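Heads up: the structure comes next, in structure tokens.
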Amino acid sequence: MKQPNSSSTSLLLLLLFIHSVSSQTCRNTCGPLPLRYPFGSGPGCGDPQFQTYLTCNGDTLLFNTHTGSYPVDSIDYPNKILHVQDPSMTTCTTSSTCATTRFGLNWNAPFTFVDEEVFALLGCSINGDTTNRTVPLCDTNDDARICDFLSTCPSVTGFGSSCCVYSPVTLGPSFEMDLGKLKCGSYVGIYGFNDQMMNPQAWKYGFGIKYRFSVDNGVPGACGDCEASNGVCGYNGPYSSFVCSCANGINTTNNCYFAASWNRADFVRPFSMGIGLISLWSLARTMF
């Protein structure tokens, strides 16, 4: 069998090297939202344990659970909180009568509600399913005043006087709220009051969801260096090994400081031309 000569081996190595200099697959934004660890723009980006829970669909970042996909409004990275919306939810300015709505967190996912999160059920039947509960359906403490304030919203008055603050905020042992089973017409989610408890138009509607990716929620050192060098943290291979995706198309195992000195266009074009000439020369040798 004919052994490859040194020229062929060199050509093969060059081809492999050029192939590895591909366009950056991991982006640091999804629409207007910045993406930082542990979140990513697609497969191989961010932390693999969050891959299925947050996905970038065009310019919209979606939070995915077993009950559906919900747009993310903003991310509070210092406090590790997602602000998520449910388009089928009622607020002080919008009304929804989708009684089939379900919302829940996956029980084994690294997410919990913020302590301030409140759910108010609207238009509920007294015959709703409250079986197998170890806690009351409606909270009777001072938070029940929320219903009084919500009653001043035109979007809420259509549900009548039936309103109660749902307990517990964890959504019970199933981690899910099902308006169909509860026989409720709609619900309101509130994650903040903007220091204006008596003014529901100023409240923050939606879900405040805390996330956790390690014991101390500290960004891994290698990833911190990667992001500081304008790279995007990702992973690759069967063991999800760390990679730093750089803007010029080069992936490294540490950061993008060295890779930034390479200009992909200036680097690839001459080598591509050179490989083309070498290939023509090799073909000519075989023909003559």
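All of the numbers you see were taken from the coordinates with simple rules; none came from a lab. Since we're looking at a predicted model, the values are computed, not measured. Cβ placement follows ideal geometry from the backbone for every residue including glycine, while neighbour counts extend to all protein chains displayed.
Quick look at the numbers
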item	result
15 Å beta-carbon shell around Val232, net charge (K/R +1, D/E -1)	-1
Local electrostatic count at Ile209 - Lys and Arg +1, Asp and Glu -1, tallied over other residues with Cβ under 14 Å	-2
Whole-Å distance, taken between Cα centres, linking the range 75-107 and the range 31-49	21 Å
Under Karplus coefficients 6.51, -1.76 and 1.60, residue-wise ³J(HN,Hα) of the range 203-209 in Hz, glycine/proline x	5, 9, 9, x, 10, x, 10
